[in-house]
Amino acid sequence: MIAPASEAELAEAVRSASGPLAIRGGGTRPLARACPGTVLSVAGLTGIVLYEPQTLTLVARAGTPLDEIEAALAAEGQRLPFEPPDWRALLGAPGRPTIGGAIAANASGPRRVQAGAARDSLIGLRAVDGTGTVIRNGGRTMKNVTGYDLARLMAGARGTLGVLTEVSLKLLPAAGAVATLIVPAPDAAAAVAAMTAALTSPYDVTGAAWLPGTGALIRIEGLAASVAYRAGRLAGRLGAAHVERDPEVSARIWRDVAGAAPLRDRPGDLWRFSIRPSQAPGVAARLGVPVVLDWGGGLVWAVLPAGTDARARARPYSGHATLMRTAAPGAAPAVPVLEPESPAVAALSRGLRARFDPRGILNAGLMD
C-alpha cells in the first residue's frame, strides 16, 4: 500500500506508478467489484484547511473523516447540505468515512430532495490526475485549468478521473427543530402517493422515504414555530398516524433510511436503483422483494437472490441500477455492476477517462 502524507507525495506516487492503482479513502463505500493494483490511500491527507462559518464555506483535505467535519460544523450550528449517508453496516465495510470518499461516490442522503446531491454542495476541488498532475478549479482560486467543470465530473467518478486531495463545500445552518410524520402506507404505491403529495406541498419537506412495516416518512425542519405549523397542516392533509417531534428519535429514523437499515441483514445481492419516483411502485412490484424507498421514490434499495439480474427483473425503468454488494464478496459478479451505457455515452466516458488518465491506472475498470 502507498500512503502519501501530502498532495505532492501523492502526485509523485501517481507519476511513478508502473501499474494500476486502487484508490482508497476510508474504504466504506465499495462497489461489488474490486479494483486491481496497488492500494493508494488518501487517509494521510487530513485536516480542515479553512472554515468560515460566516460565509458558510469549508475547505478540507480529502482524507478528513466525516465525523470530524460534522463535529466542527455542529459546534457552529451548521451542517453539510447533502446529509452523507453511512453505508458501513449495509455494505459490511467497517472503516471511517471520509469527505473525499463521500464526494467521489456522490453519496447523498435523504435531504437530497431539498438540498441537492453531494456534487451540488461542491464549489471547488484539488485532485491529481492519471499523469500525476495537480489540477484544481472553483473554490477560493476560481481557476479551472482544464477547461472542464471538475466538480460535476469528479463527484461520482469514484477516482477514475483523478484522486481527490481537497474539496471546498458550501454549508447550511443546522435546523432548530425537526418533525417526522409517519403516514400509513401498506405498499410502495401508497407510499409514493403520500411522498409526492408532501413534496409538492408548500411545506418545504426535507425528507420523503418509505420503510416497509413503518410507513411513509416525511421530514420537516426549521424554526420551531414554523415546523409546528407546517407539520400540523401536512399531518392533517396526509392523515399521518404519528408526528415524531423528538430530534434524537427523528435523527435515528433518518439514519435508518439513509442506511437502508431493514435490508442490512438480508442475504443476497444488494441493488440500488436511481429512477423516476413515479416508476418506483412498478419497479418494486416487479422485483417482488421488500424494498426501501428514499428521495420520494427516486431511490430504491433491494436485496435479491445471489446472481439475480435485477435490471432484467425490474424493467422497464428510466434511470440506472448499481450492484452494491454481492452475496459472495470477492467473487466476480455475474452481471454488470453499473448500468450499461448507451454507445454514445460510453464513448464520451472513455474519452474523458483517456483525457484525465491516459494510462488507465486509476481504479482501472471500475466504471466500465
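Coordinate-derived values only; no laboratory data. This structure is a prediction, so every number in the text was calculated from the model and none was measured. Cβ atoms come from the backbone with ideal geometry, glycine included; neighbour counts cover every protein chain shown.
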Revision key, fill the gap. Going from the fewest other Cβ atoms within 10 Å to the most, one would list TYR203, TYR51 as TYR51, TYR203
**Study point:** Cα-Cα separations in the chain greater than 33 Å, expressed as whole percent
**Key:** 30 percent
Review point. In nm, what is the difference between 0.36 nm times the number of residues separating VAL249 and GLU12 and their Cα-Cα distance?
Key: 80.6 nm
Revision key, fill the gap. With a ≥ b ≥ c from the Cα gyration tensor eigenvalues, square-rooted, and the rule rounded for a/c under 1.5, otherwise prolate when a/b > b/c and oblate otherwise, segment 259-353 is oblate
**Study point:** Reciprocal mean inverse distance between Cα atoms of segment 177-258 - Kirkwood radius, Å
**Key:** 12.2 Å
Check your understanding: Stretched out fully, how many nm does the piece from GLU339 to HIS320 gain, at 0.36 nm a residue minus the Cα gap?
Key -> 6.3 nm
Point to revise | Nonlocal amide H pairs with ALA364, under 5 Å, H built at 1.01 Å | key: LEU21
**Study point:** Normalised contact order of the chain, rounded percent, pairs of Cα under 8 Å and 6 or more residues apart
**Key:** 18 percent
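Once you have a ≥ b ≥ c as the square roots of the Cα gyration tensor eigenvalues for segment 327-368, tell me rounded if a/c is under 1.5, and otherwise prolate or oblate according to whether a/b is larger than b/c.
Cα axes put segment 327-368 in the oblate bin.
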Review point. Amide H to amide H, which residues 5 or more places from VAL49 or on other chains are under 5 Å from it, using H placed in the peptide plane?
Key: VAL59, ALA60, ARG61
Check your understanding: How large is ³J(HN,Hα), in whole Hz, for each residue of segment 43-53 in order, when computed from phi with the Karplus curve 6.51 cos²θ - 1.76 cosθ + 1.60 and θ = phi - 60°, using x for Gly and Pro?
Key -> 4, x, 8, 10, x, 7, 7, 8, 9, 10, x
Study note, to complete from the structure: The summed charge of the ALA197 Cβ neighbourhood (under 15 Å; Lys/Arg +1, Asp/Glu -1) stands at +3
Exercise for review: For each of ASP67, ASP120, ASP357, count neighbouring Cβ atoms within 10 Å of the residue's Cβ, then give the residues from fewest to most.
Suggested key: ASP67, ASP120, ASP357
Practice item. Taking the convex hull of the Cα atoms, report for segment 7-173 its projected area averaged over all directions, in nm². Key: 9.4 nm²
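In nm, what is the difference between 0.36 nm times the number of residues separating ALA331 and VAL289 and their Cα-Cα distance?
12.8 nm
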Check your understanding: Quick one: if you stick a label point 7 Å off each Cα along the C-beta vector at MET1 and ALA354, how many nm between them?
Key -> 3.5 nm
Check your understanding: Between ALA74 and ALA224, how many nm apart are label points set 7 Å from Cα along the C-beta direction?
Key -> 2.0 nm
